């Protein structure tokens, strides 16, 4: 249970080219709008909350979805 709590409190950072990643997300999840995919540096939490609301998923699920598209090393 501690691991889950730690994961939920981890800081999420967007890595790599967000424009490319956002287009992939839009293809995979047509419910996402351009507004949902708009990203500003330092506002990762707002991005995650918007995804959670739009897709009906948990924070951890949203992070996993985004991380699948992010490069391993940046």
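For this structure, a couple of remarks:
- Percent RCO, i.e. relative contact order, over region 2-69, from Cα pairs under 8 Å lying at least 6 residues apart: 33
- Take the Cα of residue 68, step 7 Å toward its Cβ, do the same at residue 15, and the gap between the two points is 1.7 nm.
- Along its three principal directions, the equivalent ellipsoid of region 2-69 from the Cα gyration tensor extends over semi-axes of 19, 13, 11 Å, largest first.
All of the numbers you see were taken from the coordinates with simple rules; none came from a lab. It should be emphasised that the depicted structure is a prediction, and the values quoted were computed from it without experimental measurement. For neighbour counting, all protein chains shown are included, and Cβ atoms are generated from backbone atoms with ideal geometry for every residue, glycine included.
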